[in-house]
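Chemist: Got a structure here, written out as structure tokens. Questions coming.
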Amino acid sequence: MAQRVTELLGKVVVSANSGERLGTVSDVLLDDTDHHLVGLIVRRGLMKSEHVLPSAAVQTFGRDTVVSRTAADLLSAKEWRARFPAAPVDVRTDD
């Protein structure tokens, strides 16, 4: 079943292996060329810093939550830029 992008915004992201709450989806990253899902921007912590959950790390899009395989799959903005330097996205960093 298809979901609208707007239905993802605000969903809680949890880790499948630990059950840890990782944050909430604040935005969606799409590829510039063919518009496929690249990742999700996840806000977490008291400072609401932005992290990226690559689409390959998403185990499932549930009705109320997005489930990541592990918490380690969540990347800081700095890690995202280092791993994917050609990624056409500006993820805010609090570093």
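Bear in mind these aren't lab numbers, they're just calculated from the coordinates by the rules spelled out. Keep in mind the model is a prediction, meaning the values are calculated, not measured. With ideal geometry, Cβ positions are generated from the backbone for all residues, glycine too; neighbour counts draw on all protein chains shown.
Chemist: Any chance you could run the full-extension gain for E7 through T65? It's 0.36 nm times the residue separation minus the Cα-Cα distance, nm to one decimal. It would help to have the intermediate numbers written out before the result.
Modeler: On the way: separation 58, 0.36 × 58 = 20.88 nm, distance 1.04 nm.
Length difference between fully extended and current span is 19.8 nm.
Chemist: Can you give me the long-range amide H partners of K11? Hydrogens built in the peptide plane at 1.01 Å from N, cutoff under 5 Å, separation of 5 or more residues or another chain.
Modeler: It is V25, by chain and number.
Chemist: Just to be sure I understand the model, the point goes 7 Å from the Cα along the line to the Cβ. What's the resulting A16 to M47 distance in nm?
Modeler: 3.1
Chemist: Whole-Hz Karplus ³J(HN,Hα) for the range 9-17, in order, using 6.51 cos²θ - 1.76 cosθ + 1.60 and θ = phi - 60°, x for Gly and Pro?
Modeler: With the stated coefficients, the range 9-17 comes to 4, x, 6, 6, 10, 10, 8, 5, 7 Hz.
Chemist: For D32, D64, what ranking results if the residue with the fewest other Cβ atoms within 10 Å of its Cβ goes first? Don't skip to the answer; put the middle values down first.
Modeler: On the way: D32 10, D64 7.
If I rank by nearby Cβ atoms, fewest first, I get D64, D32.
Chemist: If R₀ is 22 angstrom, what is the calculated FRET efficiency for the pair D32 and F84, using the beta carbon separation as r and rounding to 0.05? Numbers along the way, then the final one.
Modeler: Details: r = 13 Å, r/R0 = 0.57.
Rounded to the nearest 0.05, the efficiency is 0.95.
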